[in-house]
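The values are calculated or read from the model by the stated rules, or taken from the named source; none is laboratory data. Since we're looking at a predicted model, the values are computed, not measured. For neighbour counting, all protein chains shown are included, and Cβ atoms are generated from backbone atoms with ideal geometry for every residue, glycine included. Just so you know, the surface numbers come from the protein's heavy atoms only, side chains and all, with ligands and any DNA or RNA stripped out. Shrake-Rupley method; radii C 1.70, N 1.55, O 1.52, S 1.80 Å.
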Amino acid sequence: MLLLRLLLLADYQDAPLASRPKTLDPAEYFAVFPAKRKAEKERAAIRGQLKRQFQLQLNNPRRVTTIKYPSLTRWTYACVSNVYPTFRPTPKNSLLGAVCGIAPLLFWYFVFKTDRDRKEKLIQEGTTERPFQLSS
């Protein structure tokens, strides 16, 4: 694995408008202390154990309970439940609300009113008969 990283590091060239990532910085890459390397290995082992435990729970054919997804719960809370504390009314939001909420109502009012007025005018002129009469 280390050899593969060194080979990748040898072929890496800096982009003209971007800095070199910290993981590929030779000054930091080669100067890793044994204590830091040991801590990284321990963290990787813990992550691996957690992944294995989660996969065992997920693929258990005799599972009777639901699996809790803490990250999914946090994401859902951030997207759905936490909207209004971060919402700020702006002119754009107000215009969008008026266009989506009030404009369709006004549009359909205008369409139905003009159609009804046109039919009533034709009935008053006598060119058409009223299709449904409530009184005879």
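Candidates in the range 9-25 are the residues that are open to solvent by 100 Å² or more (accessible area, probe 1.4 Å) and either more than 34 Å from the chain's Cα centre (by Cα) or among the acidic types (Asp, Glu) (or both); of these, the one that is modelled with the lowest pLDDT is 11. Those helices (runs of 4 or more DSSP H) of the range 26-136 in which at least 1 residues are open to solvent by 100 Å² or more (accessible area, probe 1.4 Å) and not aromatic (Phe, Trp, Tyr), considering only elements entirely within it, cover 34-58, 70-76, 91-101, 103-125. Taking every residue in the range 60-78 that is at pLDDT below 85 and pairing it with any residue that is open to solvent by less than 90 Å² (accessible area, probe 1.4 Å), at least 6 positions away or on another chain, the pairs with Cβ-Cβ distances below 6 Å are 67/57.
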